[in-house]
1. Does residue 119 fit the bill of being free of Cβ contacts under 8 Å to residues at least 40 places away in the same chain, exposed (fewer than 14 other Cβ atoms within 10 Å of the Cβ) and over 14 Å from residue 99 (Cβ atoms)?
2. Restricting attention to segment 330-372, which residues are among the β-branched types (Val, Ile, Thr), within 16 Å of residue 176 (Cα to Cα) and either crowded, with 16+ Cβ neighbours inside 10 Å or modelled with pLDDT of 95 or more (or both)?
3. Which residue, of 232, 228, 199, is buried (at least 17 other Cβ atoms within 10 Å of the Cβ) and aliphatic (A, V, I, L, M)?
4. Which members of segment 1-49 meet the condition of being assigned to a helix (DSSP H, G or I) and among the hydrophobic types (A, V, I, L, M, F, W, C)?
5. Sort through 151, 141, 162, 95 and tell me the only one that's charged (D, E, K, R), loosely packed, with under 15 Cβ neighbours inside 10 Å, more than 17 Å from residue 6 (Cα to Cα) and over 26 Å from the mean Cα position of the chain (by Cα).
Amino acid sequence: MRRTLKLKDCCTIIAGQSPESKYYNTDGIGMPFFQGKADFGDLYPTIRVYCSQPTKIAEKDDILLSVRAPVGPTNLSPGLVCIGRGLTAIRPSPEINLRYLLHYFRFFETKLSAQGTGTTFKAITQATIKNLDVPVPPLSEQERIVARIEELFSQLDASVAELKMAKERLKAYQQAVLKEAFGKVTTHTPFGEIIDARLGKMLDKEKNTGNFHKYLRNINVRWFSFDLSDLLEMRIEADEIEKYSVSHNDLIICEGGEPGRCAVWDKQDSIFYQKALHRVRFLDNSNPRFYMYYLWFSAQAGQLFRYFTGTGIKHLTGQSLSKVIVPTADRNVQDSIVAEIESRLSVCDSIQKTVDTALQQAEALRQSILKKAFEGRLV
């Protein structure tokens, strides 16, 4: 007979509590410490931090539930671990199969997330967790459901692995295309010899005056394109318009974040940009897309990294950008190489979109399997 129990009536629930930060370390002293979703993997979290004075402790194979920013994701505890306030440990009683409960939480994740409250970030209360309804069929039925879910998941995982391998092969092919294309150019020069580069305007709400204008941030620049869905505005004075505006065919390069990430502004309308970006204009009639693809090739090959500065957060300063060694060629050669690259990469883009769609469908199928399982329709 299928029953429905409150989680508090069929599990031990341990709310996490963060110890004082002075007890944290990365030297392996004490107990592994998990603070939240950031530590999670597919099934078990990755140990990054230890705690010498643990407060709340989870045992091996307790379900670790993320209860704040975001609400709902789950992992299993790899052993005795300390848990911070972003997690709650759930230990099922003998009448509930561990994997059954884990799969149930993963089926229920979206609904659980919707129960989170808070303005700055979503969190879920211990009272809500304790009063969650859990369907509890006989143990033999739980085991049958788990076996069927994992049989289907195993087949699905094999297909997903093939799709991910296809993406890796596409990435290798893209690099081969670029290597072959730029291998045709035998002359090189420091980037600073052929460009005029300028960082954007420092954002200072208290000091900036002038009219409000939309501007590009680091986050708006993707490889080869711009995401203009969340543009902000800043004040630009009349005598700053030329200094901090982006015009047609300017190459925009990220100074930080993912240094070197870049795109060509191919719109006729101008826009402004902040200090986290380089605006690059060429001193000759170079094709900016030629250098956009070269920077991507250099970044993917790990060559651009040598020009970064900073120990933690990396930057590509104006001085460093000018030192980057780049290929040089006549404009007609550049145009020919760009045409060849874009022709071959367009095929890759089409295949990659197909693969990405298949991966999304696989995740939807995973949720469909769980839904059928916990509605009693999985045979």
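1. Yes: the conditions hold for residue 119.
2. The answer is 337, 338, 341.
3. After applying the criteria, what remains is 199.
4. 7, 10, 38
5. Step by step, each of 151, 141, 162, 95 is checked, and only 151 is charged (D, E, K, R), loosely packed, with under 15 Cβ neighbours inside 10 Å, more than 17 Å from residue 6 (Cα to Cα) and over 26 Å from the mean Cα position of the chain (by Cα).
Every residue, every condition in (1) out of contact with any strand residue (DSSP E or B) (no Cβ under 6 Å at 6 or more places or on another chain); (2) part of a helix (DSSP H, G or I); (3) among the basic types (Lys, Arg), yes or no:
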{"residue": "91", "(1), (2), (3)": "no, no, yes"}
{"residue": "111", "(1), (2), (3)": "yes, yes, yes"}
{"residue": "120", "(1), (2), (3)": "yes, no, no"}
{"residue": "149", "(1), (2), (3)": "yes, yes, no"}
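The values are calculated or read from the model by the stated rules, or taken from the named source; none is laboratory data. Small disclaimer: the values here were computed from a predicted structure and weren't measured. Methodologically, a virtual Cβ is constructed for each residue, glycine included, from the backbone with ideal geometry; neighbour enumeration extends over all protein chains shown.
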